[in-house]
1. Hey, got the Cα dimensions of the stretch 11-173 along the principal axes, in Å, largest first?
2. Could you give the size of the charge dipole of the stretch 11-173 about its Cα centre, using +1 on the Cβ of each K and R and -1 on the Cβ of each D and E, expressed in debye and rounded to the nearest 20?
3. Using the charge dipole of the chain (Lys, Arg: +1 at Cβ; Asp, Glu: -1 at Cβ; taken about the Cα centre), state which of Pro359, Thr317, Leu198 has its Cα farthest towards the positive end.
4. Taking the Cβ-Cβ separation of Glu538 and Leu343 as r and a Förster radius of 45 Å, what is the calculated FRET efficiency to the nearest 0.05?
5. For Lys405, which lysines qualify as cross-link partners when the Cα separation must be under 27 Å and same-chain residues fewer than eight apart are set aside?
6. For the stretch 178-212, run through the trypsin sites (Lys or Arg not before Pro) and keep only the ones in DSSP coil with at most 16 other Cβ atoms within 10 Å of their Cβ.
7. Could you state the angle between the C-alpha long axis of helix 430-443 and the longest principal axis of the C-alpha atoms of the chain, as a value from 0 to 90 degrees rounded to the nearest 10?
8. What is the spin-label model distance, in nm, from Arg187 to Asn483 if the labels are put 7 Å beyond Cα along the C-beta direction?
Amino acid sequence: MGTPNTAIPKASEVDPLLLEVADVINSTLDLDTTLRRVAELVRKVIDYEIFAILLLHEKTQDLFFRFQVGYPPEVAERMTVKVGKGVTGRAAQTRRAILVDDVTQEEDYLDVVPNVRSELAVPLIVKSRVIGVIDLEAREKGYFTEEHKRLLTLIASRMAVGIENARLHTRTSRQARTLLLLNEIARELSSILNLDELLQRIADRLTRLIDYQMFSILLIDATGEKLYHRFSQRFGENVQLKHEVQLGRGIVGAAVASKQAVLVPDVSKDPTYILLNRETRSELAVPLVYKDRVIGALDMEHTRRGYFTEDHKRTMTTLAAQIAIAIENAQLYEQIARQEKRLERDLSLARELQFRLLPQKRPALNNLEISAKFVPARAIGGDLYDFLNYSLGRTGIAIGDVSGKGAPAAIYAALVSGILRSHAPIEPGPSEMLSAVNNSLGERRIEGQFVSIIYAVWDAERRTLQVSNSGLPRPIYCHNGKNQIIDATGLPLGLFDDAEYDELKFRCKPGDVFVFFSDGILDAHNKNGASFGRHRVEQIVAREAKSGAEEIVTAIFAEVAEFAADVEPFDDQTVVAIKVKSGVAKRK
């Protein structure tokens, strides 16, 4: 390099130099700007070619390159200097400036830049605490002088405060930004309930906090003994990893077993490390803990030794708690979604089976129209109706309403339907049928379950209808264009063993109409809380009496739907209507 081209300030020039130092300290709190301006000030004193500012890592007590000129990039990125090692390390350890005229005479000289012959290292000290070292090297022997040493020491004593202030400001600002980012990420993740989408979003968002190279989310399997890779990314590409990790084994297994984050600066020196990626040099594993239960782990890897820091560890530990909640919620949502799909399939099948249990076609009678409709409040319900063939042109007509709703009511309704059909071959009258069903249910009584049934027997030859009721709303009989209420009442079936049931008999003529209905019709509510009520049903029957049975049923359901629009039905709705015709009865 030749004779040093230095501009050593005279005594009268030192004060302006120190004023410039003070200006650097007071004018910025940005660490990068501060370090760059320190380098510029030093160049005014020493025309260096190789320059570095190394800062001390408080926990590891290693010096790492924070600013450099003239070093190979891979050295500056990866190399650390132990306190006490080399000229730089000794300057930090002894807390004194060290000037070496010929580094080839130094036993512990760290040969990093080729052909270096002389070195000057000055510690940065704040309140008796070493925070780093300013280091200059030259390719000429004896390049640096005692005056350089004195001036650099003077600059370093002033600049150390500015560097530390900027460092603290940078750390505080970074922590503030990190907290804001953590809050933003946590809020975003909590709104995602699809597990695959959530895991991808976690990987994407973490890059805003840590520029990792390899990342995995591992979850504990059903046995609770192993971790499997649920999501993995390598150098920006999603990959499928089938490797499983036993709890307690490897860095990830150790993090899960201890419920503590594990930071390994150099995996080659960690005996627990399991070699999966040959490129990996440093690793950070953080357990995912939900309500004191470990559900998995986050694993980050990098090709650079010492890449992950204590700040990274703290940040990931904080975020892991939110990620654990988000993953648990997503898993629960997926589980519920699977259960709902299975339930929907089961309900769909149950609904189909229930409608299969209802008559698939109405009886074809010459002198009687029959129409019926059933609408469950839920996917399946507890109402029923049936038509049972008797001999001599007679037909049993049943309409029932089971207590409760949903699957239990539907199953009970199926039981009742089976009982009705089992008694039909003996052709009981209405009151006999209700007593028989009541006795059968009493033999297999189910707590809190009962059924209300109207049972009627139509005799086509005699044009008579016999009716018994066990708790359903009283039917409507429209005769000669006028409504009558059939005052047949009785106790629900399945509650009292000795219940008896009245039986009424009607001799009919063409045009007569009978309408039977369940509570769900009368109790349908509108948005104002008013119920549909019996009087509306009676008005419809009176108005539609000259129409057919099908039109009467359709009109009732249409007006109930309009009345209760935008209100979820509370109860199952069933209507059966029959209308006497003038046809001649045929004996069967």
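1. Principal-axis extents of the Cα atoms in the stretch 11-173, largest first: 41, 41, 29 Å.
2. Value, rounded to 20: 640 debye.
3. Farthest towards the positive end: Pro359.
4. Working: r = 40 Å, r/R0 = 0.88.
FRET efficiency, Glu538 to Leu343: 0.70.
5. Of all the lysines, those that pass the test against Lys405 - Cα under 27 Å, at least 8 places apart if same chain - are Lys341, Lys361, Lys373, Lys527.
6. Values: sites: Arg187, Arg201, Arg205, Arg208; in loops: Arg208.
Loop-located and lightly packed - Arg208.
7. That works out to roughly 40 degrees.
8. 5.9
Coordinate-derived values only; no laboratory data. Fair warning: this is a prediction, and the values are worked out from it, not measured in the lab. Every residue, glycine as well, gets a Cβ built from its backbone with ideal geometry; the counts of neighbours run over all protein chains shown.
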